[in-house]
Amino acid sequence: MKKIFSACMFIFICTAIGETSVSAAETRPVKSMVLTQPEKTVLNKLQRDTSTISINGRKFKLLSEQSDHWLLYDQQMSQYCITLNMLVVVSEQLQELLETAGVKYQSEHWQKLADHTYQWTGSFPATQRLYQKLKRQPNIQLEWQLQYLPLSRHDES
């Protein structure tokens with residue numbers, strides 16, 4: 001009997017048992033996922049015992065806080081996702097807003113995507129701090145980048 005787990009399921013089980021090391025081979029996306037009753041119970045418990053947070057104007061259940069990401073459940077889309085260490089920032093006066101927020105502009109963290117649109121990439125804690133400082137500033141749009149995890153319940157052919 002074959003059991004195939006998606007990256008989402010593997011992360012949930014590891015989180016539930018306290019395992020934090022995940023190799024790339026163990027988290028590759030697959031086409032299907034078969035859940036046993038104990039695994040379904042773990043997922044249901046994780047979904048019940050969580051707080052709700054707002055990111056990018058949407059509500060998510062916060063399932064796990066790791067040092068380099070958060071594991072979330074998007075109730076509207078019924079899908080799991082993780083936060084990435086990236087923010088998209090739209091502002092006509094980015095450097096002035098950074099100075100106002102008390103943030104030093106470091107070019108290695110910023111990439112220009114289009115006119116007045118930039119992407120910040122840094123460590124997860126640094127991204128959290130930047131988001132907290134910039135969200136209070138006027139005339140700025142912020143979007144935390146999320147990665148939705150593959151979730152397929154179709155049997156393999």
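Run the paramagnetic zone check for LYS104: 7 angstrom along Cα to Cβ, then residues of the range 127-147 with backbone nitrogen under 17 Å. What the label zone holds, given the 17 Å backbone N cut-off, is 127, 129-130.
Residues whose amide H lies under 5 Å from that of GLN66, counting only those 5 or more places away or on a different chain, are LEU71; hydrogens are built 1.01 Å from N in the peptide plane.
Bear in mind that the values in this text are calculations on the coordinates, not laboratory data. Note that this is a predicted model, so its numbers are computed, not measured. Every residue, glycine among them, receives a Cβ derived from its backbone with ideal geometry; neighbour counts consider all protein chains shown.
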